[in-house]
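Trainee: Just dropping this structure here.
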Amino acid sequence: MVESTMTDKEKAEFVLGVYFRTQAAIERYMGRENLPEWTEHVARINSDAMRHRLPDTDDQARDLLSGLRAMLGVYGSDTETRTSPERTELTVRRCGIFDYREQAARRGVTLTLDRPCEFCVDLHQRTAAHLGISAEVELAERGCHWTVPAPSASRGREGAAR
């Protein structure tokens, strides 16, 4: 049996680096003009998996940003999540992906996109659209604010207006 000499932190950094370089390579290979095709493919996979795991649309709406929250956490981002029966909100005060991208560029990783938001926003909005739910985002300098309303809350308002 071979023992690893890497610490847990080094292992996490290694995996994160592999993931990041893979994503950067996909963006470079696809090119900015073809990246929506890749994003659509990933959004279909994500929405199909979510439908299988969570059949209820309110649960899907509440869970839509969980992968993003987890990824942001890996990059050391400053985030806050608020969930109510009506909506889920994710505030990213500082996106650690920006910091990581700058470090990666200094190490020679070729970046195709000017901002990570170009992929992230498109992916999450396409995934939401495949699920028939809404995902609104307001971008900031190095952060953003997402709002995902629960479909039942919308139906409740529509029923009350009739």
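The values are calculated or read from the model by the stated rules, or taken from the named source; none is laboratory data. Owing to the predicted nature of the structure, the values given are computational and were not obtained by experimental measurement. Cβ atoms come from the backbone with ideal geometry, glycine included; neighbour counts cover every protein chain shown. Calculation scope for accessible area: heavy atoms of the full protein, side chains included, ligands and nucleic acids excluded. Shrake-Rupley method; radii C 1.70, N 1.55, O 1.52, S 1.80 Å.
Trainee: All but one of (1) in contact with an Asp or Glu (Cβ under 9 Å, 6 or more places away or on another chain); (2) at pLDDT 95 or above; (3) open to solvent by 50 Å² or more (accessible area, probe 1.4 Å) hold for Trp38, so report the exception by its number.
Mentor: Every condition holds for Trp38 apart from (2).
Trainee: Given the condition out of contact with any Gly (no Cβ under 6 Å at 6 or more places or on another chain), at pLDDT 90 or above and not in a strand (DSSP E or B), answer yes or no: does some residue in the range 74-83 qualify?
Mentor: no
Trainee: I've got another one for you. Using beta carbons and a limit of 8 Å, which pairs, at least six apart or on different chains, have the first residue in the range 133-160 and on the phi > 0 side of the Ramachandran plot and modelled with pLDDT of 95 or more and the second one loosely packed, with under 14 Cβ neighbours inside 10 Å and assigned to a helix (DSSP H, G or I)?
Mentor: From residues that are on the phi > 0 side of the Ramachandran plot and modelled with pLDDT of 95 or more, there are no pairs.
Trainee: Oh, and also: Among the residues of the range 96-112, write down those that are without any contact (Cβ under 8 Å) to a residue 60 or more places away in the chain and not in a helix (DSSP H, G or I).
Mentor: Arg107, Gly108
Trainee: Go through the residues of the range 99-117 one by one and say whether even a single one is surrounded by 15 or more Cβ atoms within 10 Å (Cβ to Cβ), in contact with a Phe, Trp or Tyr (Cβ under 9 Å, 6 or more places away or on another chain), under 23 Å from Thr57 (Cα atoms) and of a type outside the set (A, V, I, L, M).
Mentor: So far as the range 99-117 goes, no, none of its residues is surrounded by 15 or more Cβ atoms within 10 Å (Cβ to Cβ), in contact with a Phe, Trp or Tyr (Cβ under 9 Å, 6 or more places away or on another chain), under 23 Å from Thr57 (Cα atoms) and of a type outside the set (A, V, I, L, M).
Trainee: Additional query: Can you tell me which of Val92, Val121 is buried (at least 17 other Cβ atoms within 10 Å of the Cβ) and farther than 25 Å from Arg51 by Cα?
Mentor: Details: Val121 fails: farther than 25 Å from Arg51 by Cα.
Just one listed residue meets the conditions, Val92.
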